[in-house]
Amino acid sequence: MVILSRPGIAALLQLELFDWALHQKMHVTTPNAKIAAYAAQQLQVKNGVLIGIWDEAELGAIREKIGIKP
């Protein structure tokens, strides 16, 4: 019988968690064509959550550049 200390148990659980999380079946795959179509249609600007936009003026400039009316 092996008796593990608490740090040993934590390390074992961490290894098990990483093994589970990084297993290939946990990865979501999206074809490159689907990603390219999404980017080409600017769907992230049309109806997505935008990160890194400083203010409404910057957002307006982006929308104008891709032909979307506010």
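The values are calculated or read from the model by the stated rules, or taken from the named source; none is laboratory data. Since the structure is predicted, the reported quantities are computational estimates derived from the model, not experimental observations. Keep in mind that these areas ignore ligands, DNA and RNA; they rest on the heavy atoms of the full protein, side chains included. Shrake-Rupley method; radii C 1.70, N 1.55, O 1.52, S 1.80 Å.
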### Task
Report the extension gain between Glu64 and Ala10 in nm, rounded to one decimal, defined as 0.36 nm multiplied by the number of residues separating them, less their alpha carbon distance.
14.1 nm
### Query
Length gain on complete extension for the stretch Gln24 to Ala39, per 0.36 nm per residue less the alpha carbon to alpha carbon distance?
2.8 nm
### Message
Apply the Karplus curve 6.51 cos²θ - 1.76 cosθ + 1.60, θ = phi - 60°, to the phi angles in region 11-17 and return the couplings in whole Hz, x for Gly and Pro.
### Response
5, 5, 5, 5, 4, 5, 5
### Summary
Once Leu59, Leu12, Leu50 are ranked on solvent-accessible area with the largest value leading and a 1.4 Å probe, the list reads Leu12, Leu50, Leu59
